[in-house]
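Reading through the structure tokens given below for one structure.
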Amino acid sequence: MKPKITVVTITYNAAAVLQRTLDSVLAQSYPYVEHLIVDGASKDTTLAMVDDYREESTETAASHEVVVFSEPDRGIYDAMNKGLQRATGDYLVFLNAGDSLPSTDTLELVMDKAGEGVGVLYGDTDVVDGEGNYLYHRRLQPPERLTWRSFRQGMLVCHQAFYVRTEVAKTQAYDLRYRFSADVDWCIRVMKETERRQLQLVNLHTVVANYMEEGTTTKNHKASLRERYLVMQKHYGVVSTFLMHCWFVVRAVVKKTTR
């Protein structure tokens, strides 16, 4: 039996961008999919759209299970924790409203690399606009060999391109003290737990997520950067984080002056 993948989608008044997310999951050739939609009590047509999607999924993708929960939450990371608690797949990935899977065989490509000794599968990301049109390939590139220490250089793997063994993911709740960067902290802690369990982190060497540029973190860029600095201090130490950010500044200045 092949492993089951849970795709967790967080929604709140997301009708304007949700359809392409739903369509990209529905179109997957991989049969063993649980699509868990955690809604924050939307007041627009999000839930009606999800109901139509669930009906269409039943008719066209027999092995895809669509599970919907809608109730007020304390923000996106609280909703993600609810998704963690309810996921039943062997692996899980967060694909939020506006994001999408780049091809119909994306989940098949990912799950073909999954196995007993694999804790995390990770890949590349393309950035798209609000209409789903390609903008650019994400600047930060996944390293060939990823460890929790790799994020000292920044979040080298996008959250949506980070597929985690569910039993590992469930041990690491999102820290609600962070409003914009709890995903960075979560990924680092997941990788630490993966290393502790002596599980592999596997580079997929392909684009596995289309990320919508105007997300919450992008809209709150300065606050997000401040939080990320605190996250890095927590995991890598005060001195190491300060020196690394000094290097970031020098690198940015040199790049600007050489253009």
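The values are calculated or read from the model by the stated rules, or taken from the named source; none is laboratory data. What you see is a predicted model, and the numbers here were worked out from it, not measured in a lab. Neighbour counts run over all protein chains shown; Cβ positions are idealised from the backbone, glycine included. What goes into the accessible areas is simple: the full protein's heavy atoms, side chains included, and nothing from ligands, DNA or RNA. Shrake-Rupley method; radii C 1.70, N 1.55, O 1.52, S 1.80 Å.
Brief remarks on what is shown
- ³J(HN,Hα) computed for each position of the range 138-146 - Karplus, 6.51 cos²θ - 1.76 cosθ + 1.60, integer Hz, glycine/proline x: 4, 5, 6, 10, x, x, 4, 10, 8
- In sequence order, the range 67-84 has phi-based couplings of 10, 10, 10, 9, 6, x, 9, 9, x, 4, 6, 5, 5, 5, 4, 5, x, 4 Hz under the Karplus curve 6.51 cos²θ - 1.76 cosθ + 1.60, θ = phi - 60°, and Gly or Pro positions carry x.
- Across the range 89-100, rounded Karplus estimates of 3J(HN,Hα) from the backbone phi angles (6.51 cos²θ - 1.76 cosθ + 1.60, θ = phi - 60°) give x, 6, 10, 9, 9, 9, 10, 8, 4, x, 7, 7 Hz, Gly and Pro being marked x.
- Per-residue [θ]222 nm for the chain (sum of -39500 (n - 2.57) over DSSP H runs n ≥ 4, rounded to 500): -12500 deg cm²/dmol
- Accessible surface for the range 154-221, divided over its residues, is 42 Å² per residue with a 1.4 Å probe.
- Listed residue pairs exceeding 31 Å between alpha carbons, taken from K4/K222; K43/K234; K170/K234: K4/K222; K43/K234
- Estimated FRET transfer efficiency (H205, Y136; beta-carbon r; R0 25 Å; 0.05): 0.85
- Backbone N within the range 122-163 under 17 Å of label point (7 Å from H221 Cα along the Cβ vector): 127-130, 135-140, 155
- Taking amide H positions as modeled 1.01 Å from N, with prolines and chain starts lacking one, the residues under 5 Å from T6 and 5 or more places away or on another chain are E34, G89, D90, Y91, L92, V93.
- Split the accessible area of the chain by element, probe 1.4 Å, and carbon with sulfur accounts for 53%.
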